[in-house]
Amino acid sequence: MKKYGYGVDIGGTTCKIGLFETNGTILEKWEIPTNTQEAGKSILSDVAESLKKNMKERGISKEELEGIGVGLPGPVRIDGIVPVCVNLGWKNVHVSKEMEALMDNIPVKAANDANVAALGEMWQGGGKGCANVVLVTLGTGVGGGIIVNGEIVSGSNGAGGEIGHITVNPHEEIFCNCGRKGCLEQYASATGIKRLAKERLATEHETSVLDEDEEISAKTVFDAYKRGDKTAVEIVDKFARILGNTLSNIACVADPEVFVIGGGVSKAGDPLLEAVKKYYCQAAFSSCTDTRFALASLGNDAGMYGCVKLILE
């Protein structure tokens, strides 16, 4: 094993880059803007330039690098090709091949950003010590990553782990951002919880502390829930039932040792885990009822950690 590796988490606004020792110690991290002009044609060259600059400043030779891992906000096929990435303006970009050419043939591996985040949490985060992990990120949307026997489940089209777009309500009339209806994301994301709250308050006749909030959010709902507000308890109960039942179905396929919950909504902490686990245990297959629930611990750095783990496999 060589001494160093780079993790590059490319987003629609910024590229997060980290220099790591291959034992998992992060030495330095920084960001550069993601230039999506002209169909994102300069993104990889910008990253390569930043990496080379860091190597020069630190006196790191290519012989000391195990490789470069790259996380991307879209499906990545097993051959390293990104068929389409709307946030970057890409179509049919062979990330590994192009980055290796830019980096003097240093090995490069690429994967979906949610998948590498799951890999990072498995390696050094909330799933540390486990080889079978499902990461669920509850943010503006719902993302996910599935690790089985230490390996990312990406599937034939790179769409493995798209937990947020499991259909949980075939009778839903409102469209999800993906263009379908009834996705988990419409109920379990921050925006989904806000929507559940507004729907409940529109029919609620009892007084609730949520009535005092000018701008209802997932945070205000969970704050009220922790105070025992009856309406908030009903909203969180509905959210937890939908998410818990969905995770019980995922467990029948992936059988994880732990569900790691991340994203902004996860800041609600243990009360969120307890609410979801209650419904999970009620619905789970008997062999899966002991699955642990844990909070993600790497935050926005999870993708970089996972990118480095990717090149160590």
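The values are calculated or read from the model by the stated rules, or taken from the named source; none is laboratory data. Owing to the predicted nature of the structure, the values given are computational and were not obtained by experimental measurement. Reconstructed Cβ throughout: ideal geometry from the backbone, glycine too, with neighbour counts over all protein chains shown.
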Could you say whether any residue in segment 113-121 is crowded, with 24+ Cβ neighbours inside 10 Å and without any contact (Cβ under 8 Å) to a residue 40 or more places away in the chain? no
Return the total of residues in segment 222-233 being surrounded by fewer than 20 Cβ atoms within 10 Å (Cβ to Cβ), in a helix (DSSP H, G or I) and either in contact (Cβ under 8 Å) with a residue 12 or more places away in the chain or not β-branched (Val, Ile, Thr) (or both). 3
Candidates Gly11, Gly59, Gly80, filtered to the one that is at pLDDT below 95 and at positive phi: Gly80
The lone condition Val236 fails out of (1) part of a helix (DSSP H, G or I); (2) at pLDDT below 95 is (2)
Matching residues, segment 104-125, being assigned to a loop (DSSP other than H, G, I, E, B) and more than 22 Å from Asn23 (Cβ to Cβ): Asp104, Asn105
Which of the residues spanning segment 140-159 are assigned to a loop (DSSP other than H, G, I, E, B) and crowded, with 19+ Cβ neighbours inside 10 Å? Gly141, Ser154, Gly158
Show the residue pairs that are 6+ apart or on different chains and have beta-carbon atoms under 7 Å apart, the first residue being within segment 39-60 and crowded, with 17+ Cβ neighbours inside 10 Å, the second being of a type in the set (Gly, Ala, Ser). Gly40/Gly89
Only one residue in Lys3, Lys16 is in contact with a helix residue (DSSP H, G or I) (Cβ under 9 Å, 6 or more places away or on another chain) and either over 19 Å from Gly74 (Cβ atoms) or hydrophobic (A, V, I, L, M, F, W, C) (or both), so which one is that? Lys3
Single match in Val70, Val86 (criterion: modelled with pLDDT of 95 or more, under 22 Å from the mean Cα position of the chain (by Cα) and in the same structural domain as Lys16 (by TED's automatic domain parsing)): Val70
Restricting attention to segment 269-311, report how many residues are over 16 Å from Ala117 (Cβ atoms), of a type in the set (A, V, I, L, M, F, W, C) and touching a strand residue (DSSP E or B) at 6+ places or on another chain (Cβ under 9 Å). 4
Test each condition in (1) under 16 Å from Cys307 (Cα atoms); (2) at pLDDT 95 or above for Asn105 and report the one that comes out false. (1)
